[in-house]
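Asker: Got a structure for you, written out below as structure tokens; questions coming shortly.
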Amino acid sequence: MTDTFAILPPTFDTATGVAAFRYGLDGKTFTERLTFPAGGQHDVVATSVFQRLLNLTALVLGVSYFKLTAPLSISPSFPLSAAEHAFALDVYENGLGEFYARNNLKRFGQILIDAPLAEFTALAPNLKDRALLPIGGGKDSLVSEELLAAAGLDFTPFAVNPKGPILGSIDKIGRPPLYVTRTLDPTMLLLSKQPGYYNGHVPSTAINSMIAALTALLFSYNRIILSNERSASEGNVEFDGREANHQHSKSLDFERLIAGILSSATGGALGYFSLLRPYSEARIAALFARKTRFDHVFSSCNENFKLAGNSGPLWCGKCPKCHFVFLIFAPVMDKDRLIGIFGQNLLAQPSHEHSFRELTGLAGQKPWECVGEIEEAAACLYALTARPEWAEEPIVSMLKPALLTQYGSARLETALADLMHDSTEHLIPNTLFEKVARHAL
């Protein structure tokens, strides 16, 4: 097998609205395509700013092909600034941290990105004062939607390859969306299932963010607003001398990095930040619980994306994601309403005990899922021990002794209070933060 991953020049066809990204690895060439909706301002395609973002998107999308063999050398066909080089290294090291850990591959500090260094001066495009809001189908982006609407900000729902709860949620939002179709190379998908090639998690938020950036230029939006909470910055395990985080591209560190890259590449025209960064998962659950509008269309369960359309259950009830979301809703939502959303009581089933032990730090490691902080889950479970409607449920009563032994009631009380205190670490512009904060009380 070759020891270099080649990122070839990307292209954009204004006649079809299709961007093509080509890669070379192991003597094979792969092509991924993005199909953008009609109506874009294609005159922007000829600008150096768009080409810069197209190159950076090629860089990030490449992780899906690189990981087939995970070579030590990456060779982009275009120059990078010093900041872009650091960004690329972060994507291919920390962004693939879970992939390396689960495949026992040591790559940190060894990957070479062989691209000429060049600094760029971008002429800022004139973008309209409005935002793209990526919708993932879960509670977080729907809380962002509620807050942005209440604050009076002009925004458009955005998604890549929407289906299932994404479509159901956007239908409830009632605003015309922008959708991009992403088509992976079929040969890559085939090889990823064969012996001799690796497979695993990629930084999907980084990928979708770059696709959103291209969309923002094509359709004139000056902001991309994410819905990543503060707990996304907590990692899962130590591996190869670093913390591997399933949610690295949702973390505050990555948000700072990509925000700087997008701003620099567009001459300061394109902003990027998470509206929910000050909040814990529990705080977001409390905000969501204030309204019932999305109760029967949203889902944070990854199993639902295997379903066609909106058919079938939105929650599998068996995975750590289902268990965590049920757990953080239980202290802030009426019990009958919560059971109605999930179709079952997940705290009444002893078979889920080990999963809840992992979520609360009583066993194993934090699951490789987009779940909140260990102590956050422990605090939410502790809160249920004092609620008559939940205290005698099997999971709550079974875990209570271990919970108190490991953490102690004083620590859990403090953690519970901290969940409702908003962090000051975020990138939200002050004027918007003040407007949103009034509606998040």
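The values are calculated or read from the model by the stated rules, or taken from the named source; none is laboratory data. Since the structure is predicted, the reported quantities are computational estimates derived from the model, not experimental observations. Glycine gets a Cβ as well: all are built from the backbone with ideal geometry, and neighbour counts include every protein chain shown. Just the protein is used for accessible areas: all its heavy atoms, side chains included, with ligands, DNA and RNA removed. Shrake-Rupley method; radii C 1.70, N 1.55, O 1.52, S 1.80 Å.
Asker: Rank by packing, highest mean first: peptides 357-367, 100-110, with packing defined as the count of other Cβ atoms within 10 Å averaged across residues.
Answerer: Most protected by this proxy first, the peptides run 357-367, 100-110.
Asker: What does the accessible area per residue of region 1-147 come to in Å², with a 1.4 Å probe and no ligands, DNA or RNA counted?
Answerer: Computed with neighbouring chains in place, this is 38 Å² per residue.
Asker: In whole Hz and in residue order, list the ³J(HN,Hα) couplings for region 337-352 that follow from phi through the Karplus curve 6.51 cos²θ - 1.76 cosθ + 1.60, θ = phi - 60°; x for Gly and Pro.
Answerer: Each residue's phi maps through the Karplus curve to give 5, 5, 5, x, 5, 8, x, 6, 9, 6, 8, 9, 10, x, 5, 8 Hz.
Asker: For the full complex of protein chains and a 1.4 angstrom probe, list Asp418, Asp90 by accessible area with the highest value first.
Answerer: My answer, sorted largest first, is Asp418, Asp90.
Asker: Related question: I need the peptides 261-268, 214-221 ranked by packing, meaning the mean over residues of other C-beta atoms within 10 angstrom, with the highest value on top.
Answerer: Sorting 261-268, 214-221 by mean packing, highest first, produces 214-221, 261-268.
Asker: Shape of region 158-298 from its Cα gyration tensor (a ≥ b ≥ c, root eigenvalues): rounded if a/c is under 1.5, otherwise prolate when a/b > b/c, or oblate?
Answerer: It is rounded, given that a/c, with a ≥ b ≥ c, falls under 1.5.
Asker: Also, I was wondering about something else. Let me check something: with ligands and nucleic acids excluded, how do Val332, Val202, Val49 order by accessible area (1.4 Å probe), largest to smallest?
Answerer: The most accessible residue leads, giving Val332, Val202, Val49.
Asker: ³J(HN,Hα) across region 250-261 via Karplus (A = 6.51, B = -1.76, C = 1.60, θ = phi - 60°), whole Hz, x for Gly/Pro?
Answerer: So the Karplus estimates, Gly and Pro as x, are 9, 6, 5, 4, 5, 4, 4, 5, 6, 4, x, 5 Hz.
Asker: Compute, for Asp154, the solvent-accessible surface of its heavy atoms (probe 1.4 Å) with the complete set of protein chains present, and express it in square angstrom to the nearest 10.
Answerer: Here the residue's solvent-accessible area equals roughly 80 Å².
Asker: Work out from phi, with θ = phi - 60° and the Karplus expression 6.51 cos²θ - 1.76 cosθ + 1.60, the ³J(HN,Hα) of each residue of region 28-33, listed in order in whole Hz, and give x for Gly and Pro.
Answerer: Taking θ as phi minus 60°, the curve returns 10, 10, 10, 10, 10, 10 Hz for region 28-33.
Asker: Here is a further query. Any idea what diffusion coefficient region 282-441 gets from Stokes-Einstein, in µm²/s, Kirkwood Rh on alpha carbon pairs, 37 °C, 0.692 mPa s?
Answerer: D = 197 µm²/s.
Asker: Mind scanning Lys128/Lys291; Lys193/Lys318; Lys139/Lys335 and naming the pairs with a C-alpha gap bigger than 23 Å?
Answerer: Lys128/Lys291; Lys193/Lys318
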